[in-house]
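These notes concern the structure reproduced below.
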Amino acid sequence: MKRVVATGTFDILHPGHLFYLEHSKKLGDELTVIVARDANVKHKPKPIIPEEQRRRIVAALRCVDHAILGDTADMFRPIQEIRPDIITIGFNQHFNESKLQEQLAARGLSARIVRIGKYGDDELCSSRLVVQRIIEKRGGQDGAGDKLV
């Protein structure tokens, strides 16, 4: 059985996330998704959706066999437990593939790193852009015209 691991924050699920996970699944027999813990998200604004809710949403996707939360202290701990054949990263994830490969090798892991390409040109394939669009369309108000608190 070929195991694949995909990782990400998955805040406000959008078509780019689906593309990434569906293409990750095609690379193997079993797809485990490691969802970033709220405390570990440092390269962008903190997620809007709490970590356990994001994990549950990802777990509900047809292409996902398992969805777990990442480790707060060591991002490689779940990888060591799963021992995947392939680790996929998204087109815009901030990982250097060769450095990541070296870090895996130092831990005795031989998973192949595969970067999944970009999903088309849809403008709303970014959680940041979805949030921006909501703010633009709603103007900080709900449907009844009252300010959101």
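Working only within segment 1-28, note down all residues that are under 11 Å from Pro84 (Cα atoms) and surrounded by fewer than 24 Cβ atoms within 10 Å (Cβ to Cβ).
Taking segment 1-28 first, the residues under 11 Å from Pro84 (Cα atoms) are 1-6, 28.
Within segment 1-28, Met1, Lys2, Arg3, Gly28 qualify.
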What pairs can you find where one residue is in segment 121-144 and under 29 Å from Gln93 (Cβ atoms) and of a type outside the set (Phe, Trp, Tyr), the other is at pLDDT 75 or above and not in a loop (DSSP other than H, G, I, E, B), and their Cβ atoms are less than 6 Å apart, with a gap of 6+ or different chains?
-> Asp122/Pro15; Leu124/Val130; Cys125/Pro15; Cys125/Gly16
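Going by what's in this entry, would Arg83 be described as out of contact with any strand residue (DSSP E or B) (no Cβ under 6 Å at 6 or more places or on another chain) and at positive phi? Show your work before the answer.
On the way: out of contact with any strand residue (DSSP E or B) (no Cβ under 6 Å at 6 or more places or on another chain): yes; at positive phi: yes.
The answer is yes for Arg83.
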Just a yes or no: is a residue in segment 34-52 among the acidic types (Asp, Glu), at pLDDT 95 or above and loosely packed, with under 13 Cβ neighbours inside 10 Å?
-> yes
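Those residues that are within 13 Å of Ser126 (Cβ to Cβ), out of contact with any strand residue (DSSP E or B) (no Cβ under 9 Å at 6 or more places or on another chain) and of a type outside the set (Lys, Arg), I need them from segment 12-47; list them, please. Full working, then the answer.
Of all residues in segment 12-47, those within 13 Å of Ser126 (Cβ to Cβ) come to 12-17, 19-20, 44-45.
Now narrow it down to the ones that are out of contact with any strand residue (DSSP E or B) (no Cβ under 9 Å at 6 or more places or on another chain): 12-16, 19, 44-45.
Within segment 12-47, Ile12, Leu13, His14, Pro15, Gly16, Phe19, Pro45 meet the criteria.
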Can you confirm whether segment 51-64 contains a residue that is under 16 Å from Ile113 (Cα atoms) and in contact with a helix residue (DSSP H, G or I) (Cβ under 6 Å, 6 or more places away or on another chain)?
-> no
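The values are calculated or read from the model by the stated rules, or taken from the named source; none is laboratory data. What you see is a predicted model, and the numbers here were worked out from it, not measured in a lab. When we count neighbours, we look across all protein chains shown, and the Cβ atoms used for this are built from the backbone with ideal geometry, even at glycine.
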